[in-house]
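This report concerns only the one structure given below.
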Amino acid sequence: MEPFFNRFSDIAENETRRLIIPEGKSLPAGSYDMVESFCNEKKCDCRRAFINVLCNDETIIATIGFGWESVDFYEKWAHYKSMVHDLKGPVLELGGVSTNYSKAALLFFKEIMMNDGVFLERLKRHYKMFKDSL
């Protein structure tokens, strides 16, 4: 995985999604950046983003894998139906950062980010830009 900002720093600076969480929520109060990474293997077309949830510009509290294609796409791509639940939709990424706040970050992602059409379309656009740059 390679961070999007490695190849497109200006765009990442302007388009990385930042959310502010107030006191009294399941995550500590503060700012949370959704830092995107993508697979940098030229032949891979997994159509997934890896989102490191960065708290207060300092600490990654979770890595969320997000596949936006259909279940059918991932069944064909992975060749194993048993893997689809780890590829489709937002999930805590098995090889990613895991903390005491990871489950809360995933729930937050599902409730807020999955309802943000601009964010979801931006991920797809960034994925295409990233893959085209390889």
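Restricting the first residue to segment 20-44 and requiring it to be surrounded by 10 or more Cβ atoms within 10 Å (Cβ to Cβ), which pairs with a second residue that is of a type in the set (S, T, N, Q) and part of a loop (DSSP other than H, G, I, E, B) meet a Cβ separation below 6 Å and a spacing of at least six or different chains?
GLY30/ASN56; SER31/ASN56; ASP33/THR16
Could you tell me whether ILE51 is farther than 15 Å from LEU123 by Cα and crowded, with 17+ Cβ neighbours inside 10 Å?
So ILE51 fails the test.
Identify all residues within segment 91-134 that are loosely packed, with under 13 Cβ neighbours inside 10 Å and among the charged types (D, E, K, R); write none if there are none.
Result: GLU111, GLU121, ARG125, LYS128, ASP132.
Touching an Asp or Glu at 6+ places or on another chain (Cβ under 8 Å) and either more than 22 Å from MET129 (Cβ to Cβ) or surrounded by fewer than 20 Cβ atoms within 10 Å (Cβ to Cβ) (or both), is that true of LYS76?
Criteria not met by LYS76.
Quick check on my filter: what residues within segment 1-32 are of a type in the set (D, E, K, R), within 16 Å of GLU111 (Cα to Cα) and either modelled with pLDDT of 95 or more or in contact with a strand residue (DSSP E or B) (Cβ under 8 Å, 6 or more places away or on another chain) (or both)?
ARG17, ARG18
Is there any pair with a first residue in segment 82-109 that is closer than 18 Å to ARG17 by Cβ and a second that is polar (S, T, N, Q) and surrounded by fewer than 19 Cβ atoms within 10 Å (Cβ to Cβ) whose Cβ atoms are under 6 Å apart and which are 6 or more apart or on different chains, and what are they?
These pairs meet every condition: ALA104/SER26.
Take LYS88 and tell me if it is at pLDDT below 95 and either of a type in the set (A, V, I, L, M, F, W, C) or surrounded by fewer than 19 Cβ atoms within 10 Å (Cβ to Cβ) (or both).
So LYS88 fails the test.
For residues that are in a loop (DSSP other than H, G, I, E, B), farther than 19 Å from GLY65 by Cβ and not charged (D, E, K, R), tally how many sit in segment 5-26.
Selection size over segment 5-26: 4.
The values are calculated or read from the model by the stated rules, or taken from the named source; none is laboratory data. Just so we're clear, the structure is a prediction, and the values are computed from it rather than from any experiment. Counting neighbours? That spans all protein chains shown, and the Cβs are built from the backbone with ideal geometry, glycine included.
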